[in-house]
Amino acid sequence: MENKLNKIIPILILFFLVFRFQVASFRLGYELSFLYFSSIVFSIFLFKNKYIYPALFLLLCTFSSYYPLCTLTSINSLRIIFVGIFTYYFMCEIGIDKDCFLNILSVVCIIHVLFIIAQYFKVDPYLVYGIRTNMEITGLTANPNEASALIALCTPAFFRKRVCVLIPLLLLGLFLAKSFGGILSFSLIIAAFFLLRGNKFTGGLLCLSIILTAYFFIHNPNISHRLSVWVTAIKLYFNENLFFGFGLGHWQYISKNYLSESYNGVYFQRAHNTFLQCWFELGFGFLVILVGYGYNIIKKAISDKILIFALIAIFISCSVNSAFRINALNGLIILVWLSVITNNRRVRDV
């Protein structure tokens with residue numbers, strides 16, 4: 001393998017030094033050559049170290065950033081993905097201390113909820129930083145959806161002795177943030193907790209009670225618009241017969257130019273569904289990678305209830321939000337959770 005790499009990488013260097021991309025300027029072409037060379041070499045390195053699905057995902061994103069259309073948006077998206085995958089790999093290799101991470105999450109979540117409570121009572125907590133905000137109830141994040149998702153992503157850390165007494169505080173934060181996604185995630189985690197303890201009835205009753213209370217008295221989620229956009233996007237995808245998708249980062253362009261016609265000019269800059277948006281942009285290859293990586297990550301998490309709860313929170317967050325495109329804080333938490341799960345029992349990809 002080492003001998004093959006010693007030959008492949010110089011060939012790649014030769015190719016990217018000689019080849020010229022059909023882009024707006026030579027300068028952009030040179031930057032693109034360097035970015036693509038780095039992405040491909042790093043993908044090979046990931047393969048060599050048994051990170052099969054992250055390597056495949058990076059290769060797919062590299063390809064999709066150029067075909068079917070290369071834009072500044074697709075290039076910038078690839079840069080962010082490259083940094084994200086490198087961060088994930090680095091955290092997997094150094095081995096994040098799980099207990100320390102859970103303690104950090106607990107502290108972050110408590111501060112976040114205290115910010116939400118302060119904003120609810122019209123006290124601007126950002127004045128501590130010398131910043132004035134519009135007093136929207138968002139805590140440490142940028143909007144209520146992300147505020148709710150942050151609490152949900154931190155919730156698994158509270159299923160430990162001494163900190164479990166603070167779980168009602170999280171529910172208060174979720175109710176004040178008034179975003180249904182986080183409440184749904186929290187409720188499913190509660191149900192899973194009692195299910196794993198063999199008490200299905202209590203878990204189901206609590207889960208249903210929280211969801212119904214939130215639905216009728218806190219926040220009635222009108223998701224009909226989102227569902228309509230998702231269905232329209234899927235139909236457009238199949239009508240265009242795009243095996244490779246519309247290209248990395250191009251959801252907002254397609255949504256504005258095609259999907260907005262059905263909704264009086266209103267369009268989603270993001271799909272509010274990470275899985276759907278990645279499939280829409282990257283094509284069927286993403287679904288294959290998602291199934292393979294998902295199988296491995298579930299297999300590694302199944303022996304630890306806290307990691308199971310983390311997967312529930314990640315799945316719901318990615319299903320109802322654009323987890324990595326609005327709030328980098330939530331995206332970072334997801335990456336750390338995935339690295340912790342990856343290191344559980346040190347079972348590598350199959």
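If the chain linking Y129 and L12 were pulled fully straight, counting 0.36 nm for each residue of separation and taking away their Cα-Cα distance, it would gain 37.4 nm. The chymotrypsin sites (Phe, Trp or Tyr not before Pro) of the stretch 121-215 that DSSP puts in a loop, and whose beta carbon has at most 11 other beta carbons within 10 Å, are F121. Using Cβ point charges alone (K and R +1, D and E -1), the dipole size of the chain about the Cα centre works out to roughly 640 debye.
Taking percent of Cα pairs over 34 Å apart as calculated from this structure, the corresponding entry among (i) 40; (ii) 32; (iii) 50 is (ii).
In this label model, F201 and Q22 are separated by 6.9 nm, measuring between points 7 Å along each Cα→Cβ vector. Grab the chain and count how many Lys pairs have their alpha-carbon atoms under 17 Å apart, sequence gap of 8 or more, or different chains. Final tally of qualifying lysine pairs is 12. For the chain, a Gaussian network of Cα nodes joined below 10 Å ranks V229, V108, V83 by mean-square fluctuation, and the top entry is V83. Assuming a ≥ b ≥ c are the square roots of the Cα gyration tensor eigenvalues, decide whether the stretch 2-94 counts as rounded (a/c under 1.5), prolate (otherwise, with a/b larger than b/c) or oblate. Here the stretch 2-94 falls in the oblate category. By the beta carbon rule, with partners counted only under 4.7 Å, the chain holds these lone Cys residues: C61, C70, C92, C100, C164, C207, C278, C318.
A short reminder: the numbers here are calculations on the coordinates, not readings from a lab. Remember, it's a predicted structure, so these values are computed and weren't measured experimentally. Virtual Cβ from ideal backbone geometry, glycine too; neighbours counted across all protein chains shown.
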